1. Thinking of the chain as a set of Cα atoms, what percent of all their pairs are more than 32 Å apart?
2. Suppose we keep just the DSSP beta bridges with both residues in the chain; what percent of those would be antiparallel, to 5?
3. Only Lys, Arg, Asp and Glu count, each charged at its Cβ (+1, +1, -1, -1), so figure out the dipole size of segment 26-81 about its Cα centre, rounded to 20 debye.
4. Over segment 46-126, with a single point scatterer placed on each C-alpha, what log10 of the ratio I(q)/I(0) does the Debye formula yield at q = 0.24 1/Å?
5. At 222 nm, what value in deg cm²/dmol follows for the chain if DSSP H runs of at least 4 each add -39500 (n - 2.57) and the sum is divided by all its residues, to the nearest 500?
6. Relative contact order of the chain: what whole-number percent is it, with Cα pairs under 8 angstrom and at least 6 residues apart?
7. If the reach is capped at under 14 angstrom between alpha carbons, list the aspartates and glutamates near residue 156, excluding any in the same chain fewer than eight residues apart.
8. Roughly how many Å is it from the Cα centre of segment 27-62 to that of segment 84-141, as a whole number?
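Quick note: the coordinates plus some simple rules give every number you see, no bench work behind them. Keep in mind it's a predicted model, so treat the numbers as computed, not measured. Cβ: placed from backbone, ideal geometry, glycine included. Neighbour counts: every protein chain shown.
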Amino acid sequence: MRVLLIEDDDNLRSVLLKRFDEVGYVVDEADNGEDGLFKGREYPADVAVIDLGLPRISGMEVIRTLREEGIDFPIIVLTARGSWQDKVMGLDAGADDYLVKPFHFPELLARINALVRRSSGNATPEITCGELVINTSHQDVKLKDELLTLTSYEYKVLEYLMLHQDEVVSKTTLTEHIYHQDYDRDSNVIEVFVGRLRKKIAEVDPDTTYIETLRGRGYRLRNRD
């Protein structure tokens, strides 16, 4: 999961960065609307968390501009403004959800997960592909009811592929969504993770191909007996 966090409160931003890191999310951060708008345009995000009271450019204007430019990742407004009028304005500008400060991080996390699932066409935490089942809330994976033991990065790769079933996903896209911006993009580490996933899946179900390689294009996850 790659999160765009635009929040000018240094203490809150620092806490959120730490908590997102603990759950394995990659975060692009900005402390003002101008930088946040740039990162929203230039960096691939799965979801954005945007404060309304930002310096330089307001959060409302950031949201409105992103939507006008066709950028459609889910957006959660995070703000101290709790009136229904402010909520309506944020949603009308193009936000998908609204969370008022102070808040509990597990609630923010649950809302993020729900929005990302829905944007990929999944209404529940469990996403299935054949007999492969991933639970995005518990971050566990089962195949034929057997729990697979995955490393955090193996899980991230599989989760992204599961959320984008039947789509061709390039190695560059996978790298951008599971690593921070300054990661070495020339590494073949994605190939290693995919190889490990295939091996662990084959140990339980050797007769089914889940992750396909499309030479020169990337990977695609689908159920092929």
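1. When all Cα pairs of the chain are counted, 22 percent exceed 32 Å.
2. 50 percent
3. 220 debye
4. -1.20
5. -13000 deg cm²/dmol
6. Answer for the chain is 15 percent.
7. 21, 22, 46, 140, 176, 191
8. 19 Å
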